[in-house]
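This report concerns only the one structure given below.
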Amino acid sequence: VVQTQSSAVAATIGTNQIASLPVASRNTLDFVTFLPGVQTPGGNRDSIVNGLPQSSLNITVDGVSVQDNYLKTTDGFFARMSPRLDAVEEVTVTTAGNGAESNAMGSTQIQFTTRSGSNLFSGSAYYYYQSEKLNTNTYFNELAGLPKNVALQRQPGVRVGGPIVIPGVYDGRGKAFFFVNYEENRTPRTRTDTSDF
């Protein structure tokens, strides 16, 4: 399909596509690294788009910038408010031919759109669990006779949305909607350091 209304070079991913990608994180910014033109030389926060510096990136959620603009030159692929998987409807990455609404903000736009309520009630509840008990010890810990490092992660969450309905008082179907997303990330960790003394 040829887009005749805009000259923008853009790719949009919906939540169904995002949920099927093999990433351990629930941060949707990590999923942008799978799009064409994104190079990730180290970790996800080191990513650049089309070879441009990180200062050329602009990350927004529903039109509001969520970047740490003080560290934009060295950590531009980082958002202060990380968009979570169940809170996002889609993400659009525009790498060329931006519209007038976004040209002053950067040559690469990463735009997140949050979910909203609809005429149908929908939701999900989840509990992600990772533990060092499910892994083996590292080679260097074994060599030094040390136990496994604690690497525990618990991520409970719930989301729900739908029409605002108060039986006998108000029926908001087709008029008023709500959406709530709540997620926690509990991650206690330990690390083994060695000294040369």
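So here's what we get for this one:
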item	result
Odd one out for Asn44 among (1) touching an Asp or Glu at 6+ places or on another chain (Cβ under 9 Å); (2) without any contact (Cβ under 8 Å) to a residue 24 or more places away in the chain; (3) closer than 23 Å to Asn185 by Cα	(2)
Residue, most open to solvent (accessible area, probe 1.4 Å), within region 34-45, restricted to residues that are modelled with pLDDT of 80 or more and outside any loop (DSSP other than H, G, I, E, B)	Gln39
Residue that is nearest to Asp86 (Cα to Cα), among those in region 183-194 that are open to solvent by 80 Å² or more (accessible area, probe 1.4 Å) and out of contact with any helix residue (DSSP H, G or I) (no Cβ under 9 Å at 6 or more places or on another chain)	Asn185
Matching residues, region 124-166, being in contact with a strand residue (DSSP E or B) (Cβ under 8 Å, 6 or more places away or on another chain), farther than 30 Å from Thr190 by Cβ and exposed (fewer than 13 other Cβ atoms within 10 Å of the Cβ)	Ser124
Given (1) within 30 Å of Asn119 (Cβ to Cβ); (2) exposed (fewer than 14 other Cβ atoms within 10 Å of the Cβ); (3) in contact (Cβ under 8 Å) with a residue 12 or more places away in the chain, index of the condition Val169 fails	(3)
Answer residue from region 157-197, given it is farther than 30 Å from Asn27 by Cβ and assigned to a strand (DSSP E or B) and is farthest from the chain's Cα centre (by Cα) among those	Tyr170
Flag for Ala11 being farther than 29 Å from Glu184 by Cβ, in contact with a Leu (Cβ under 9 Å, 6 or more places away or on another chain) and at pLDDT below 75	yes
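The values are calculated or read from the model by the stated rules, or taken from the named source; none is laboratory data. Just so it is clear, the model here is predicted, and its values are computed rather than measured. Glycine gets a Cβ as well: all are built from the backbone with ideal geometry, and neighbour counts include every protein chain shown. Calculation scope for accessible area: heavy atoms of the full protein, side chains included, ligands and nucleic acids excluded. Shrake-Rupley method; radii C 1.70, N 1.55, O 1.52, S 1.80 Å.
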